[in-house]
Amino acid sequence: MKLIDILTDSQSSSTVVAIVGCCGIGKTALARKEWPFQDCWTLLCASAGLDKEHDKENLREIVITIIQRCNKVPLAIKIIGGVLATKDPTQAEWQQVNESELWSLDLEDIPGGMKKLSGPVYMAYSNLPYRLKLCFLYCLQLPEGFVISQHVVTQMWIAEGFIIEEENDCDPQDIADRFYRELVLTNLLEPEIGSADMTRCTVHGCVRSVLQLLIKHRWFGKNKWASSIEEAGNLTRFRTVICKNPLADRGLDKVFMGRRYLRVLDLTGTGIRHIPGSIALLHHLRLLNLSLTQIMELPESIESLRNLQFLLLRCCNGLHSLPEGISKLHNLQCLDLEGSAPQLVLPSLVDLKQLTTLCGFIVNHKEVTEKDVSGWPLEDLEHMNSLRSLQILKIDRVVQFTRAQEAALEMKSHLTQLDLCGSTSDMHLHVPAAEARRLHGVLNSLCPPGCLESLKIASYHGRLFPDWLPQLPSLQRLVLADCKFCESLPCLGQLPQLKFLTITGFSKLLTIQRGRYTGPAFLKLEHLHVDDMDKLESWTGFQAGDFPSLIKFHLDSCPNIESFPACLEYSKQLTSMKVVAAGSLIVIGNLPMLKELIVQDSKTLTTVFNLPSLEVLMVIGCSGLQDVKGLRCVKHLRIVDRELTRLPDWLTGHASVLQTLTVFGTEELLGMLVPSGKDWPAIRDIEKVYGNLTDGSPFFTYTKKMGDFQAFGEQRDLVVRSVVDHQLEGWSSHFMARSFISRISMHNTIKWYLIPLLATALVLLLSMVEEIKVIGVFLVFFAIIACFWCLYFFSICKASN
């Protein structure tokens, strides 16, 4: 039996109902844009993981052919590179892909622009294993533009039954996470811009379009889209509901009645306040997401949902209590209360030993384990040895460190993600020494296992960090936030696997020290974010060879910092830097591999120099920047400033290499950039210039190649007068002015002369002539004149362009 037939069989149907306002298939210019051959070569080798020169030379002819088959379209090359990444780098394996019949797939329904992608996309899809096809098809069923979060979509796959436990990998979540990573590596899922760890993705609009057309008759023919609950009322066999429209409480009964196949119910952000008791009818429900709703309580009948695996209640601010019935959900794997903080925590969690994710666990007030509705005792965590992700809130409530030991975190051999958070109130203006020692003892007793990969410590009011923090061998992500009383950091540079580090909200930290140990510090760190450090002044002890893997560095709201770690000058990986509100920073320079630099609200910054690889520079609110040099490769420049009245002098020296210049400024500044303005010579040789007012509204655009200058809005007449009155020099400037004025002339002529003249003549004729046939002749005659007149002016405009 074919895969699609299996998918649409009544016994395994997984049709999705997405209740949305509207839906459509987006097309992007990327689907049709061709790249230069060398860029295509680089992209294919990177996507296929082909990094050895010997392999590149051995497979050169096949790679050239594949690039030609992809029509030099980057998206097609990325996708076929994902297919090749699953093959051995041998001629036989790659030639098999090159000679696949899917390249010549003849699809009449696919538009011309999409046909360039159809072969690679369908080949990537066909190359997926059976279970992975199920998971990807499920992603295609989600509403267009839906941001696919790894932890959400993997839960949906498990709830739908797509994930089957394997002999050597018994945890379904591990399998689902592996499937997600494989879809990202094949480039069928595209990481969202800014998602450094690829945990948020989308399905590219072109990929969605091609695959929906390829398999619409077998699979998507059963997909149902509805704009309201009422419209979905007759659909009884669907298994997933994702509701995005505002929803009244009364509509839920219509969803629950007769929906015995429903497995996934996502009502995120719908504004509902009440869940009816009829939810107990959904015997097969595996996932219930009520995040960002206004519900105040859950019905006791929720205990009937014995198959429920995932209960998500994030940011339900009105939720004041939880029903006792939750403790009877023995198949529950995920309970997520992050951001909800119910005032009455009624059910015991001690029986939920199978939980793998628990977020929003609030520590109670009691010194002993007596009943306390304000939170749970830490001993409830003792036997939850399946936990993979855990968030504990208000750890400062723990009176003695011996109580913290009752959580037995060190014994949880599957725990990979841990958040330890104190109270977030601003009442802790001063913490006595004895209180600081108690808090340190509590945190020291919450020692996690060595398998931990992600750790967040937030709102910790002690003065010292726990002894175990620098000794986590598998830690990859670390966030230290709002630890306002800590005056020093532990030796984080010796964490062998650390890739992402965020340090924010340290009010008393004066310096970030390297520490005393041999070897390079922060060996694998790729992303460093330092934020909201009022007193931070320096980096101490760092030397050449430290931060060897650093790719992105973000410094924000550190008013006293005067420089970066000196070792960054030797970095061969640092390509992106963002500096915001660095009130004492004067110079940025000597960063040989930096490609993107954003500087914002740093008034003391005067010099940017020796950035030989820089391609993108954004200067926002840095009016003191006067000296910019040594930027040989800069291609894109953006200047945003409310104070500037003239372009900075340093721009002239880089105009010849710029491809685009975008300026957000006052009308006075932008007026200097028009052809009659004083700063026009500085920008006239730039390929593309965009001028915008400070509120974001467009002022003008200029394209050098076309000799085209366009003004917008109220500035049109002002710019036209300046172009007409000013004696432009050179043929290109004259050509540009003629092009601009001809468009204005045509518009005004039609608006002020042609239309009123025709209307007046037509009214006079109709009042004088009574015969219908004659009137018809006159109407046709005037219509022909109008058409010829419009064509004449259109030809003038086209000729001038």
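Only the coordinates and a few stated rules stand behind these numbers; no lab work does. Note that the structure is a prediction, hence the values are computed from the model and not measured. Note that we place each Cβ from the backbone using ideal geometry, even for glycine, and neighbour counts take in every protein chain shown.
Need the full-extension length gain, Thr402 to Ser576, defined as separation in residues times 0.36 nm minus the C-alpha distance. One decimal, nm.
Contour length minus the Cα-Cα distance gives 58.1 nm.
Modelled label-to-label distance, Asn317 and Gln343, 7 Å Cα→beta-carbon offset: nm?
1.5
Students often get this wrong: which residues of the range 390-410 have the backbone nitrogen under 18 Å from the point 7 angstrom along Cα-to-C-beta of Ala434?
397-402
Between Asp39 and Thr199, what's the calculated FRET efficiency when r is the beta-carbon distance and R0 is 45 Å? Round to 0.05.
Approximately 0.95, to the nearest 0.05.
Rounded to whole Hz and in sequence order, give me ³J(HN,Hα) for the range 686-696 from the Karplus expression 6.51 cos²θ - 1.76 cosθ + 1.60, θ = phi - 60°, writing x for Gly and Pro.
In residue order, the calculated couplings are 7, 4, 9, 10, 10, x, 9, 6, 5, 7, x Hz.
Assuming R0 = 30 Å, what is the FRET efficiency of His383 and Asp534, from their Cβ-Cβ distance, to the nearest 0.05?
So the FRET efficiency works out to roughly 0.10.
For the pairs Lys578/Lys705; Lys78/Lys133; Lys629/Lys705; Lys353/Lys499, flag any whose C-alpha to C-alpha distance is greater than 25 Å.
Lys578/Lys705; Lys629/Lys705; Lys353/Lys499
Quote the charge dipole size of the range 566-705 about the Cα centre in Debye, to the nearest 20; the model charges only the Cβ of Lys and Arg (+1) and of Asp and Glu (-1).
For this selection, approximately 420 debye.
Asp171 to Thr268: extension gain in nm, 0.36 nm per residue of separation minus the Cα-Cα distance?
32.2 nm
Compute the FRET efficiency between Glu53 and Lys328 as 1/(1 + (r/R0)^6), taking r as their Cβ-Cβ distance and R0 = 60 Å, and round to the nearest 0.05.
E between Glu53 and Lys328, to the nearest 0.05, is 0.45.
I want to check the label-to-label distance for Ala544 and Ser149. Put each point 7 Å from Cα in the C-beta direction and report it in nm to one decimal.
Once both label points are built, they end up 4.6 nm from each other.
What whole-number distance in Å separates the alpha-carbon centres of the range 486-501 and the range 624-669?
38
Expected output is a single nm value to one decimal: the length gained when fully extending between Gln626 and Arg646, i.e. 0.36 nm times separation in residues minus the C-alpha distance. What is it?
Contour length minus Cα-Cα distance gives 6.0 nm.
Given points 7 Å out from each Cα along the Cα-Cβ axis, report the Ser507 to His365 separation in nanometres with one decimal.
Reported label-point gap for Ser507 and His365 is 2.5 nm.
Compare the peptides 91-102, 198-209 by average per-residue count of other Cβ atoms within 10 angstrom and give them in order, highest first.
So the order, starting with the most tightly packed, is 198-209, 91-102.
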